[in-house]
Structure formats: structure tokens, C-alpha cells
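The values are calculated or read from the model by the stated rules, or taken from the named source; none is laboratory data. Quick caveat, the model's predicted, so the values are computed rather than measured. As a convention, Cβ positions derive from the backbone with ideal geometry for all residues, glycine included, and neighbour counts pool all protein chains shown.
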Amino acid sequence: MNNYLIDERTANPLLAAAFVNPVEISRARTILYMELSLQCIEAELHLFREKFEQSLRTNVPLADNVIRYFLDRRGKQLRPIMTLLSAKMLRGEVSASTINGAVAVELLHNASLMHDDVIDASDERRGKETINRVWDNHVAVLMGDFFLAKCLSCSSDTGSLEIIRALTRMTMALTEGELSQMSNARSHMLSEEAYFSVIEGKTASLFAACLQIGALSVNASADEVAQMGEIGKKFGLIFQIRDDIFDYFPTNDSVGKPTGHDILEGKVTLPLLYALQHGPADESQRMRDVLFSSSALSNDDALSLVEFARQVGGIEYAQACMKKISFDVKQQLSCFPANECRAALMSLVDYIIDRKG
């Protein structure tokens, strides 16, 4: 047995828990390297978290209760992390505008999640009951509006009209992406072009804005801002493809949705798209007939479509797409001077691909 592996497992609990499975060891290493990489913005993350919690203060008892519940279940905060890394990679430091911009994107992201949970009638997110489940839809919608209002306040605190414009463009793209996805589901639009157009709007636009806002907050050049936007867009594409792959495997608490959940909602994502276009003709047609039946899809129907996508190679195709895009991201990042924050962004690519939720 490899003595180095034994020492590494002993030193790192993440690896110790995963040592029986090589895939889990690889994933644990990625998480560990990501955590080490983020040490380059440790002080900045502390400032962000202080400002974020400060921005949510209110004198309304009901809102305070919801906010406390929200803070207990908040996610990984990838988007503000990307904003901080972008600024510090480019100029070696962050500004007050960077912190306010990072808070604004995180507030907007969470506002959209609260509204999404109402639209999707979701009972669970990140292994905990949603706000609409614990309280009701009215409270969830109003709290989403509250977070959005706070986002606008923080964006104005950046003192940058360009940052406000970036947030505005992103909000429009996010909304249009969600509407396009709904339209595609209703019109049975099945193409990779339509799929990537949707995820560029509903997910990649936010990631692009995160890196652009970081660049804008430290007075980066127009070329640097544009480059960071392109890199951020690709981060978002990888993130959404990975998120879509989760739908084809048994649920876990960090994802918070059962197998086939997207399909039941009429969302045909990349693995199933590939299978429908490249599977055996008879079987593909049968699956299309199931998908577009006049009656609502059953859980068994969804599981049949999931299994079809897996058998035809849809998962492997989606993973290959992620790896190609991740290679492009790293190539683009390598054009910037080497420093700890550039290395952290590169590690973040691997983390997004290897994450479990």
C-alpha cells in the first residue's frame, strides 16, 4: 500500500472518510485544495460576511426570524468568493466597492432562490425545509423582495454606475433565461443550442457578473473586465451542467431534489438531450412519446427517461462538455499573471466539477 496515501489520510479527515473509494479521494483532495486556496482571501471573506449580515438587519420581528433561519442554512457563497478573487487577482487587493459588490451578488442570488422555491413549489433546499414550506409563499416572496431591495442598496454603495449596470444586465438575463426555459418546455424545444442559451441566461450570467464586478471594483481595464466576463460565463456553464447531472442520480441532502425532479418539471437537460439525439431511433422515439405525452409525467416515467439517458451515454457526454469548458477556463486564466488568487480560481473550476451539491 502507498505509504504517502496512509499519511495523507491520517493528516486529513476529508481523505480519511473517503479512503475506500478512489473517486472520493480525488473529490476530497479537490475540496481540501480549494479550502487551502481560499486562504488568500481569508481577511476579505471575513469583511464580506460581516457586511452581508449587517445588510440584513431589520426591525421587523417576522423578517428577523426568517433571516436567522436563512443564515443557518446558507450555501457555499461561491459567487461572492469569485468576486473577491477576481479583484485581488487583478490588482492584489480589494476595495470597499468589491465588498459591497460581493454582498450585492449574494443577496440577488438568494432572492432568486427564494422566488424559485415558490415557483417550483419546493419543500426542501440544501437538506432543510424552504422558507415557503416553513412559513408560506407570501412570506417567501416578500423576503425575496427584501433581499432584492438590499441588493440594490449595496449596489449603490459601490459608487460605481458600471457595477450597477452589470447587476441590471445580469438580472434581465437571469429572468429571460428562466422564461426561455419555461417556453422551451411548453413548445417541446429540444436542441443543445436552446439548452445552452437558457443556461447562459439563468446561471452563467450571474457568474459572469461576479467576476466582472470584481474587476470593475478595482478599476480594471475594459479588456480585463470583458475577459473576466467570458471566464465567469464558462464557470456558470460548468456549474449548471454539473447541477443538471445531479438529477440523474439518487438525491442527497446537499442537492435537495429527488432523481428525475427536473424532468418532472419539463426541463430536458444535456444528458437527456444527448440521449434523445444519439440513442437508437426506436427507443429515442418511444422516450419522446413518454416525454411529450398529453398526461402529466409520473415518477416512473421520469425514472425511465433518467435510465435511458444514463444507458445511452448522456452523463459521460455532459461530463466531457464540462471538462472541455474547464480546459478553456484554465487556458484563459493562464493569460493573467500567476498569483494565489489565480490559482484559487483554477482550483475552483475543479471544485465545481467534483462537488456533490
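Figures for the structure shown
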quantity: Whichever residue in the stretch 222-241 is out of contact with any helix residue (DSSP H, G or I) (no Cβ under 6 Å at 6 or more places or on another chain) and among the charged types (D, E, K, R) and, among such residues, is farthest from Val329 (Cα to Cα); calculated: Asp223
quantity: Selected residue [under 18 Å from the mean Cα position of the chain (by Cα), of a type in the set (Asp, Glu) and at pLDDT 90 or above] from Glu176, Glu124, Glu162, Glu193; calculated: Glu176
quantity: The listed residue being among the hydroxyl-bearing types (Ser, Thr, Tyr) and over 23 Å from Ile352 (Cα atoms), out of Ser153, Ser205; calculated: Ser153
quantity: Any hit, the stretch 269-276, residues being without any contact (Cβ under 8 Å) to a residue 12 or more places away in the chain, closer than 20 Å to Asn184 by Cβ, in contact with a helix residue (DSSP H, G or I) (Cβ under 9 Å, 6 or more places away or on another chain) and polar (S, T, N, Q); calculated: no
quantity: Candidates Val94, Val139, filtered to the one that is outside any loop (DSSP other than H, G, I, E, B) and buried (at least 16 other Cβ atoms within 10 Å of the Cβ); calculated: Val139
quantity: Any pair with Cβ under 7 angstrom, 6 or more apart, that starts in the stretch 91-113 at a residue that is farther than 12 Å from Leu216 by Cα and ends at one that is surrounded by fewer than 24 Cβ atoms within 10 Å (Cβ to Cβ) and among the small types (Gly, Ala, Ser); calculated: Val103/Ser55; Leu107/Ser55; Ala111/Gly144
quantity: Subset of the stretch 56-84 (residues that are basic (Lys, Arg), out of contact with any Cys (no Cβ under 8 Å at 6 or more places or on another chain) and closer than 30 Å to Lys233 by Cβ); calculated: Arg73, Arg74, Lys76
quantity: Single match in Asp301, Asp247 (criterion: acidic (Asp, Glu) and surrounded by fewer than 22 Cβ atoms within 10 Å (Cβ to Cβ)); calculated: Asp301
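This table checks each residue for (1) modelled with pLDDT of 95 or more; (2) of a type in the set (A, V, I, L, M, F, W, C); (3) crowded, with 22+ Cβ neighbours inside 10 Å; (4) not in a loop (DSSP other than H, G, I, E, B).
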residue	(1), (2), (3), (4)
Tyr69	no, no, no, yes
Arg74	no, no, no, no
Ser86	yes, no, yes, yes
Met89	yes, yes, yes, yes
Ile99	yes, yes, yes, yes
Ala111	no, yes, no, yes
His115	no, no, no, yes
Asn132	no, no, yes, yes
Phe146	no, yes, no, yes
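One line per residue, one yes/no per condition, for (1) more than 29 Å from the chain's Cα centre (by Cα); (2) surrounded by 15 or more Cβ atoms within 10 Å (Cβ to Cβ); (3) at pLDDT 90 or above; (4) assigned to a loop (DSSP other than H, G, I, E, B):
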position	(1), (2), (3), (4)
Gly266	no, yes, no, yes
Tyr274	no, yes, yes, no
Asp282	yes, no, yes, no
Ser293	yes, no, no, yes
Ala296	no, no, no, yes
Leu305	no, yes, yes, no
Arg310	no, yes, yes, no
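Results for (1) under 29 Å from Ile353 (Cα atoms); (2) at pLDDT 90 or above; (3) of a type in the set (Val, Ile, Thr); (4) in contact with a strand residue (DSSP E or B) (Cβ under 6 Å, 6 or more places away or on another chain), shown as yes or no for each residue.
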{"residue": "Arg27", "(1), (2), (3), (4)": "yes, no, no, no"}
{"residue": "Thr30", "(1), (2), (3), (4)": "yes, no, yes, no"}
{"residue": "Leu36", "(1), (2), (3), (4)": "yes, no, no, no"}
{"residue": "Gln39", "(1), (2), (3), (4)": "yes, no, no, no"}
{"residue": "Ala43", "(1), (2), (3), (4)": "yes, yes, no, no"}
{"residue": "Phe48", "(1), (2), (3), (4)": "yes, yes, no, no"}
{"residue": "Gln54", "(1), (2), (3), (4)": "no, yes, no, no"}
{"residue": "Arg57", "(1), (2), (3), (4)": "no, yes, no, no"}
{"residue": "Leu62", "(1), (2), (3), (4)": "no, yes, no, no"}
